[in-house]
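A quick write-up on the structure given underneath.
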Amino acid sequence: MKRFLRPWVIALLLSPLFMSCHRTTEAELSMQIKTLDPGINLSDQIIGLSYECSSLLPQRGNYYFDPNNTELLNIFSTLGIRHIRLGGNSVDEASIPQPAEADIRSFFEFAKAAKLKVIYSFRLKESDPWYAKNTARFILDNYADQLESFAIGNEPSYYKDYALYVSKWTAIRDAILETCPQAVFSGPDQNPDAERLKLLADDFAEGKGRLVQLSQHNYPFGCSYVNYKEHDVSKLIPRDTLLRRNDLLSDSAYTIYREVRDGMLEAVKGKELSFRLTETNNLWYSGLRGVSDRYVSALWGLDYLHWWSAQGIAGLNFHTGDSTGGAIALPCRYAVFVRSGKALEARPLAYGIKMFEQGAEGRVLPLKISSAPAQQLSTYAYLNKDNEVLITLINKNIPASHAMTADGKLSNSIDEESRPSGIRTVSISLDRDFSQAAVLQLKAKDNYVGAPAKDVLLGGASIEADGNWKGQWQKLKKPAIRKQIITLELEPASAVVLKIALK
């Protein structure tokens with residue numbers, strides 16, 4: 001059966017990125033890439049996922065994590081996922097059973113097949129030391145190569161007294177060490193709290209503490225609902241969709257990121273500790289409909305991964321699943337992908353993750369901006385082992401016509417004068433000659449940040465229901481390249497990765 005290109009796909013291929021036509025632009029950015037002075041190496045486990053511990057439990061006799069689930073293995077491979085953390089609210093929810101050996105075996109067999117490193121969490125609240133030490137023994141006896149560390153509890157701020165928290169945490173740790181003296185731990189797996197983070201690092205990072213990684217959660221844009229304490233989910237009031245979309249793409253988000261980073265860096269300073277965001281996404285409480293499940297989350301996730309990678313982080317685990325939560329579980333709006341029958345449905349965030357996987361490898365390269373930076377245009381560069389420069393450009397500007405309410409009026413929550421929009425022109429020069437360049441584009445239909453996954457393409461292709469992706473890089477030709485300078489026009493709400501082969 002013939003497959004015809006959708007009209008908007010044809011429009012993508014005829015866009016300014018692939019053609020030489022000139023357009024009037026609102027701003028221009030000139031940047032120089034310094035390839036001779038590369039910075040830090042990226043972790044090979046940057047891309048991770050976080051799941052509820054309850055996802056290990058069988059549903060209707062079947063396991064979510066089944067080593068024979070080809071589609072799930074495919075999408076883990078496609079997205080470059082190399083790390084998984086099990087925890088979430090369900091780990092400390094007394095009404096939810098703790099996984100049995102058969103449940104754990106199925107999960108770790110999947111992790112082995114997918115070549116994952118695992119953080120496995122034990123219950124802290126109303127914990128069972130006997131269960132913890134015997135389960136830890138089972139895991140280390142059978143799956144030591146897959147295990148990275150154990151964690152204890154989830155967001156333990158319910159223990160206001162740090163001393164009480166430490167006594168509970170230590171009791172489980174010591175029970176595990178009793179039968180597994182080689183075990184190592186990460187923690188505290190809580191929302192940003194620089195003081196508690198530093199206390200835990202000071203108390204357990206050295207000597208017999210066995211703490212090897214500081215783990216923190218971060219949902220930078222807050223809760224998905226105004227009245228999050230409401231237990232009747234039918235009465236939950238969602239936050240303003242247009243405002244939250246604007247937040248995800250605003251440069252002001254970096255202020256939030258920096259505050260979280262600074263707390264983690266201060267805690268690990270002078271210690272043999274790595275740090276990781278073991279549970280993160282855009283808006284907590286399973287995400288906001290119309291934001292977390294739309295194209296805007298792809299652009300946000302791509303930028304978020306790049307920004308954190310440059311900080312020396314061990315990795316990020318995006319919380320996901322078909323549903324998330326403990327006693328109250330909701331459909332997962334911020335999911336990377338969800339099951340749809342026997343197939344998988346990649347959500348927009350998956351496209352941002354895949355683009356990062358294609359464009360982030362090797363060592364971070366410094367950038368020199370020789371003209372005033374364009375508002376809401378993010379740039380990142382790397383030098384990989386194949387002597388290729390990888391450059392990601394993200395135009396986070398939203399066309400003004402897409403920031404309207406359903407009745408055609410401007411949202412009161414967004415200032416019309418400060419609303420970013422339009423094409424951005426970027427000129428790139430390197431300090432070394434190069435032989436060729438190719439480009440990969442991420443775009444939604446009509447550049448609409450509220451587009452669903454079906455209207456999102458990466459390299460002209462979707463992530464398919466079997467977890468595979470068949471996108472294509474496009475070779476850049478003149479006049480995009482002239483005298484070793486590459487000039488591109490970026491459409492609003494789009495991103496590209498450039499791959500440049502050095503001579």
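Restricting to region 461-475, give me the number of residues that are of a type in the set (A, V, I, L, M, F, W, C), more than 12 Å from S77 (Cβ to Cβ) and assigned to a strand (DSSP E or B).
The number of residues fulfilling the criteria is 1.
Please go through region 80-102 and give me each residue that is surrounded by fewer than 18 Cβ atoms within 10 Å (Cβ to Cβ) and assigned to a helix (DSSP H, G or I), ordered by number.
Once the filter is applied, which keeps residues that are surrounded by fewer than 18 Cβ atoms within 10 Å (Cβ to Cβ) and assigned to a helix (DSSP H, G or I), region 80-102 yields E101, A102.
Out of the residues in region 30-58 that are acidic (D, E) and part of a loop (DSSP other than H, G, I, E, B), state the one that is surrounded by the most Cβ atoms within 10 Å (Cβ to Cβ).
By that ranking, first place goes to D44.
Name the residues in region 308-358 that are of a type in the set (S, T, N, Q) and either within 11 Å of the chain's Cα centre (by Cα) or on the phi > 0 side of the Ramachandran plot (or both), would you?
Result: S309, N317, T320.
Residues that are charged (D, E, K, R) and not assigned by TED's automatic domain parsing to the domain that holds T425, at least 1 per element: which strands (runs of 3 or more DSSP E) completely within region 304-391 meet that?
Result: 337-340, 343-346.
Over 19 Å from G467 (Cα atoms) and not acidic (D, E): which single residue out of P348, P331 fits that description?
After ruling out the rest, the residue left standing is P331.
Among the residues of region 150-179, which ones are over 13 Å from L199 (Cβ atoms), among the aromatic types (F, W, Y) and out of contact with any strand residue (DSSP E or B) (no Cβ under 9 Å at 6 or more places or on another chain)?
Y158
List the helices (runs of 4 or more DSSP H) that sit entirely inside region 191-274 and contain at least 2 residues that are modelled with pLDDT of 95 or more, closer than 25 Å to L377 by Cβ and not hydrophobic (A, V, I, L, M, F, W, C).
By residue number, 241-249, 253-268.
Determine whether Y285 is under 30 Å from K125 (Cβ atoms), of a type in the set (S, T, Y) and in contact with a Gly (Cβ under 6 Å, 6 or more places away or on another chain).
Answer is no for this residue.
Any residue that is closer than 18 Å to P188 by Cα and either surrounded by 18 or more Cβ atoms within 10 Å (Cβ to Cβ) or not assigned by TED's automatic domain parsing to the domain that holds K160 (or both) - is there at least one of those in region 59-79?
no
Within region 235-291, can you find the residues that are among the aromatic types (F, W, Y) and in contact with a helix residue (DSSP H, G or I) (Cβ under 8 Å, 6 or more places away or on another chain)?
Residues satisfying the conditions are Y254, Y257, F275.
Taking region 387-407 as the region of interest, how many residues are among the polar types (S, T, N, Q), crowded, with 21+ Cβ neighbours inside 10 Å and either out of contact with any His (no Cβ under 7 Å at 6 or more places or on another chain) or at pLDDT below 65 (or both)?
2
The values are calculated or read from the model by the stated rules, or taken from the named source; none is laboratory data. Only a predicted model underlies this, so the values are computations on that prediction, with no experimental measurement involved. Using ideal geometry, Cβ is built from the backbone for each residue, glycine included, and neighbour counts are taken over all protein chains shown.
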